[in-house]
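Okay, so here's the structure we're looking at.
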Amino acid sequence: MAAFFAPIESYDFHIYYYANYPPSRLEAIQLKNKIFEDFAEEIEKDDLFIKVLRDETVTGPHIVAYFEVDISDPASFLKFFSWAQLNHGSLSILVHPNSGNPFKDHTINAAWIGEKLPLKNPEDLKAYIGKSPVPWGYPNRQDIKDGFYDKPELYLKRPVYRLLRKGPIDEFWSRELIDSYKELLKDYKSE
């Protein structure tokens with residue numbers, strides 16, 4: 001089985017959009033929907049994760065809203081990278097490895113599809129070298145395998161969702177997912 005060159009464990013695709021500009025937001029939603037259509041097999045096998053923030057607050061070194069595609073399988077990476085080159089439209093995509101050095105991963109070891117956007121205070125990423133996960137980011141694959149999405153105490157600290165299904169055609173989040181999250185937090189806070 002093929003593997004990424006060590007120490008790279010996986011790749012992230014940050015798909016940027018302008019949340020307050022309806023055409024950009026709609027384009028991002030449509031791209032998200034197309035990913036679910038075109039990569040159903042990879043999603044089903046957990047080779048490809050789609051992750052969104054609970055809201056469109058800009059976090060970490062990013063300057064605009066984004067959703068993320070996380071890929072651990074080299075063949076799926078190749079397929080998705082080439083697909084993204086042809087389907088990104090006007091959206092910018094930061095593609096970076098996960099090697100344990102988020103500074104280099106997001107800067108000198110990153111690739112861009114579409115227009116390259118600046119990062120906000122990338123030097124701050126140096127504080128997280130060798131640490132995983134970064135507090136503002138998505139959970140890593142090990143966190144997910146260890147039950148991240150089953151532990152409300154982790155949800156309280158991390159503003160993320162893993163999209164397990166397509167959800168509404170005109171939105172990032174399914175209402176059912178948000179309602180289940182609110183119910184989970186309510187139960188957790190009442191203990």
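Rule-based calculations on the coordinates, nothing more; no lab input. Please read these numbers as outputs of a predicted model, since none were measured by experiment. Here the Cβ positions follow ideal geometry from the backbone for every residue, glycine too, while neighbour counts run over all protein chains shown.
At-a-glance table
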| item | result |
| --- | --- |
| Region 67-126: GluC sites (Glu not before Pro) in DSSP coil with no more than 11 other Cβ atoms inside 10 Å | E115 |
| Per-residue Cβ neighbour rank within 10 angstrom, fewest leading, V64, V95, V69 | V64, V95, V69 |
| Ascending count of other beta-carbon atoms within 10 Å, so fewest first, for Y16, Y21, Y128 | Y21, Y128, Y16 |
| Qualifying trypsin sites (Lys or Arg not before Pro) in region 6-86, DSSP loop, other Cβ atoms within 10 Å at most 12 | K45 |
| Relative exposure of D146, D124, D105, judged by other C-beta atoms within 10 Å (fewest first) | D146, D124, D105 |
